[in-house]
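> Mind looking over this structure? Questions follow.
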Protein chains: 2
Amino acid sequence: MEKGTSIDGVILTPLKQIIQDTGFVYHAMKKSSDGYAGFGEVYFSGVKKDCIKGWKRHNKMVLNLVVPVGEVKFVLYDSREGATSGNIQEIVLSSDSNYQRLTVPPGVWMSFCGRSEGLNLLQNCASIEHDPAEADILPLETEEIPYRW
Amino acid sequence: MEKGTSIDGVILTPLKQIIQDTGFVYHAMKKSSDGYAGFGEVYFSGVKKDCIKGWKRHNKMVLNLVVPVGEVKFVLYDSREGATSGNIQEIVLSSDSNYQRLTVPPGVWMSFCGRSEGLNLLQNCASIEHDPAEADILPLETEEIPYRW
């Protein structure tokens, strides 16, 4: 059977970008937003063009990702049992052309790559605080994930 | 009596910046952090060089501000009754040279100005969701605040 390209629990939510004479306001996450699963921590990750971070799988944390600067490609792999088990989902978030929030549920592998020459800035509004014990890591060239960057 | 330059309830907290071959990770706010007062919303504000936003006073929201890109000067004015009533506090946050979190309690007026030629990006991890009814606004040239940009 052909594998699908969507993963159960992954949510893409369009966000407002308000442009002003003096600058801008970009929405990111509200307590009332779709995908909100409690607040643990918010942090930034920068990723240089053509550099790849991952693979990483959180087993408790719900990720809520936005890209306020630059462009980042995400690849998700569903290692859980269930309807979308084994699926790969690819998403490109961009501050200029696709400003959305990406919600990633626990149990899904993720890696991501910077796509702009300048700064590629990712914010994660995470449901729990950073805890290495709840995350698994695999090298990019692992045979456990059927994707090659 | 000479007015002081600190304001009761305003907190500056140094934050980690982890530099990596592929990019970086910058801390911003944890649930266990000093100054955390609940999660309502996180959003970004961009402010161009020499452009000023404000004055604005939140009457319920606690602001937790970080500047992951560029440099922003903040001016705070304490309009509350109490030990630091009438004080003005000036703070410059910079992703390059002063990466800290600025906590601003309710009842304090704020305005801020972009200082870098490029992007000046501010994140507010706010204790409540945006609600125009809990905020007051004054023009920059108001006589109610003894500060001139």
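Every read-out reported here was derived from the displayed coordinates using simple, explicitly stated rules and does not represent laboratory data. Model, not experiment: these values are computed from the prediction. Ideal geometry is used to build each Cβ from the backbone, glycine not excepted, and the neighbour counts take in all protein chains shown.
> If you build a Gaussian network model of chain A, linking Cα atoms that sit under 10 Å apart, which residue out of A:GLY86, A:GLY38, A:GLY107 swings the most?
A:GLY38
> In nm, give the distance between the simple-model label positions of A:GLU117 and B:CYS51, each being 7 Å from the Cα along the Cα-to-Cβ direction.
2.3
> Name the GluC sites (Glu not before Pro) in the range B:110-149 that are in a loop by DSSP and that have at most 11 other C-beta atoms within 10 Å, would you? Don't jump to the answer; show the numbers that get you there.
Working: sites: B:GLU117, B:GLU129, B:GLU134, B:GLU141, B:GLU143, B:GLU144; in loops: B:GLU117, B:GLU129, B:GLU141, B:GLU143, B:GLU144.
Listed in order of number, the matching sites are B:GLU117, B:GLU141, B:GLU143, B:GLU144.
> Of B:CYS51, B:CYS113, B:CYS125, which has the largest mean-square fluctuation in a 10 Å C-alpha GNM of chain B?
The residue that fluctuates most here is B:CYS51.
> Evaluate the relative contact order of chain A (contact order divided by residue number), counting alpha-carbon pairs under 8 angstrom at least 6 apart; express in whole percent.
Computed value for chain A: 36 percent relative contact order.
> Can you figure out the FRET efficiency of A:ASP96 with B:GLU144, using R₀ = 35 Å and their beta-carbon distance, to the nearest 0.05?
For R0 = 35 Å, the calculated efficiency reads 0.35.
> If R0 is 35 Å, what FRET efficiency do you get for A:SER85 and A:HIS130 from their C-beta distance, rounded to 0.05?
The value I calculate is 0.80.
> Just in the range B:53-149: which trypsin sites (Lys or Arg not before Pro) are loop by DSSP and have at most 10 other Cβ atoms within 10 Å?
Qualifying residues, ordered by number: B:ARG148.
> How many angstrom lie between the C-alpha centres of the range A:84-108 and the range B:67-92?
Result: 38 Å between the Cα centres.
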